[in-house]
1. Specify the residue that is nearest to residue B:119 (Cα to Cα); the eligible residues are those in the stretch B:75-86 that are open to solvent by less than 80 Å² (accessible area, probe 1.4 Å) and under 21 Å from the mean Cα position of the chain (by Cα).
2. Which residues, taken from the stretch B:193-208, are part of a helix (DSSP H, G or I) and either open to solvent by 50 Å² or more (accessible area, probe 1.4 Å) or within 13 Å of another protein chain (Cβ to nearest Cβ) (or both)?
3. Note down all Cβ pairs under 9 Å where the first residue falls in the stretch B:1-26 and is closer than 25 Å to residue A:202 by Cα and β-branched (Val, Ile, Thr), the second is open to solvent by 60 Å² or more (accessible area, probe 1.4 Å) and modelled with pLDDT of 90 or more, and they're at least six residues apart or on different chains.
4. For the condition within 18 Å of the chain's Cα centre (by Cα) and more than 13 Å from every other protein chain (Cβ to nearest Cβ), what is the one hit in B:189, B:185?
5. Being polar (S, T, N, Q) and more than 23 Å from the chain's Cα centre (by Cα) is true for just one of B:119, B:133. Which residue is that?
6. Give me a count of the residues in the stretch A:70-100 that are surrounded by fewer than 22 Cβ atoms within 10 Å (Cβ to Cβ) and at negative phi.
7. Quick test for you: out of A:241, A:207, pick the one residue that is in contact with a strand residue (DSSP E or B) (Cβ under 6 Å, 6 or more places away or on another chain), surrounded by 16 or more Cβ atoms within 10 Å (Cβ to Cβ), farther than 23 Å from residue A:148 by Cα and of a type outside the set (D, E, K, R).
8. Checking the conditions here, which among B:97, B:118, B:110, B:72 is at pLDDT 90 or above, buried (at least 21 other Cβ atoms within 10 Å of the Cβ) and part of a loop (DSSP other than H, G, I, E, B)?
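The values are calculated or read from the model by the stated rules, or taken from the named source; none is laboratory data. The structure displayed is predicted, hence computed values, not measured ones. As a convention, Cβ positions derive from the backbone with ideal geometry for all residues, glycine included, and neighbour counts pool all protein chains shown. Calculation scope for accessible area: heavy atoms of the full protein, side chains included, ligands and nucleic acids excluded. Shrake-Rupley method; radii C 1.70, N 1.55, O 1.52, S 1.80 Å.
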Amino acid sequence: MKLLRPLFITLAVTLSLVSLAAAEERLKMSTTTSTQDSGLLKVLLPPFEKKNNCKVDVVAVGTGQALKLGEAGDVDVVFVHARKLEDKFVADGFGVNRKDVMYNDFVIIGPKNDPAGIAKAKTAAEALKLIAAKQATFVSRGDKSGTHMKELELWKAAGTDPKGGWYIEAGQGMGPVITMATERRGYTLTDRGTYNAFKGQKTDLAIVFQGEKGLFNPYGIIAVNPKKFPHVKYDLAMKFIDYVTGPEGLKIISGYKAHGEPVFFIYKK
Amino acid sequence: MDFFSESLKTALELITSRDPDVVSAVTVSVVVSLWSTLFASLAGVPAGVAVAVTEFTGKRAVVTLLNTLMALPTVVVGLFVYSLISRQGPLGGFGILFTPWAMVVGQTLLAIPIVANLTMSAIKGADPRIVPTALTLGAGPFESIRRLVVEMRFGIMAAVIAGFGRVIAEVGVAMMLGGNIRGYTRTMTTAIAMETGKGEFALGLALGLILMTVALMINMALNALQQR
């Protein structure tokens with residue numbers, strides 16, 4: 001073992017130099033990929049972390065999983081977009097103090113020549129009906145995310161049960177789904193923010209249907225219930241919620257632009 | 001678009017500008033992998049030696065089990081550890097899910113079978129006369145086995161290096177147990193997965209090139225130690 005000794009010494013020195021332990025308080029937040037991928041969190045978190053001498057650990061997953069992490073008590077706060085699921089999360093006693101934060105909207109993107117002719121549809125549900133009738137390729141998130149929930153809601157409103165070779169269930173995040181739709185020349189439902197980040201260089205798909213009331217996409221923030229999970233950092237979570245929904249947070253959100261365009265909108269008081 | 005040349009350019013830019021996100025991802029990758037390799041070696045090397053030098057009933061079953069465990073998918077290890085350390089799991093009270101330590105636990109489990117298996121093969125490949133000779137020369141059983149291990153140090157080092165290779169390259173455990181938290185549990189591989197998801201293929205490939213460079217440097221360092 002003599003020859004291995006220098007190796008172990010090197011290892012020990014390297015390992016002790018870089019400590020994994022963290023001194024400051026950490027707030028765990030699960031959120032959707034859209035808040036992270038849009039770049040919003042990079043500007044929204046630092047002022048709060050500085051003021052409270054803490055770190056906000058962001059776990060970015062689909063809304064369904066983000067809420068599940070809250071239900072297991074693995075995070076302190078959730079920041080998601082699926083109003084019905086959020087209300088259920090609170091009603092079931094997992095979360096408290098749900099607050100509206102911001103909104104954007106969903107759009108249906110697809111090939112510029114719009115093979116299913118959905119641009120003339122009056123509602124999003126009608127647009128999906130046209131896609132199904134034409135059996136035009138449609139890529140679904142298929143991952144129980146907020147966007148997927150919205151899509152299922154729209155299919156239901158359209159009275160269609162999407163099935164068949166034209167309906168692709170990707171089981172992936174928004175970005176990969178836009179890439180997949182681009183490669184397969186299909187339609188997909190996306191939030192406007194992620195699409196804006198992709199349009200041009202990364203996708204040549206265009207917005208073919210937008211602006212209907214049914215495509216409204218509100219985001220909410222919820223503290224995980226400390227009565228259910230005594231270990232959660234409730235006080236810090238509430239401080240964070242107050243910050244995000246207070247004047248400072250809202251100013252950052254409404255002023256944030258990606259690729260020159262606003263991504264999220266705040267409610268007028 | 002020429003992804004490859006663009007990613008080469010991006011990689012160089014990221015390295016020369018010491019991009020803080022990249023520095024942090026490299027650090028987390030290396031530190032977590034080194035810890036995991038260390039723990040996996042502490043468990044795997046003695047286990048491999050023990051299985052190689054002793055005869056017992058069911059030995060073949062143990063060897064088959066070790067071989068099978070080498071094929072463990074990273075997401076399965078991730079899920080298994082997740083179920084233990086989530087707040088709902090039996091070890092939830094420690095609260096280590098989504099910390100670097102969670103990744104260390106998962107990657108250690110991932111590397112142990114490889115280290116143990118390759119150690120076992122190395123020892124089995126040793127000259128069968130080493131232990132009897134040492135015993136004849138008056139060494140005790142422990143001393144004889146120590147001699148055997150020293151003799152086979154290159155093979156054992158190779159086992160450790162293979163374990164390191166597996167953990168620094170894997171993404172399933174790091175993503176599931178670490179959570180890809182920026183500046184905390186984001187490793188090179190989870191960063192690559194994330195950038196790919198965002199459609200930043202060139203950036204993802206650039207990070208891949210940096211990861212390969214880091215792995216090359218570490219392996220060169222280990223190799224230098226091995227040659228001494």
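1. B:77
2. The answer is B:193, B:194, B:195, B:196, B:197, B:201, B:202, B:203, B:204, B:205.
3. That search, which allows pairs on different chains as well, returns B:10/B:205; B:15/B:213.
4. B:189 is the lone residue from the list that is within 18 Å of the chain's Cα centre (by Cα) and more than 13 Å from every other protein chain (Cβ to nearest Cβ).
5. Unique residue meeting the criteria: B:133.
6. Within the stretch A:70-100, residues that are surrounded by fewer than 22 Cβ atoms within 10 Å (Cβ to Cβ) and at negative phi number 15.
7. A:241
8. B:97
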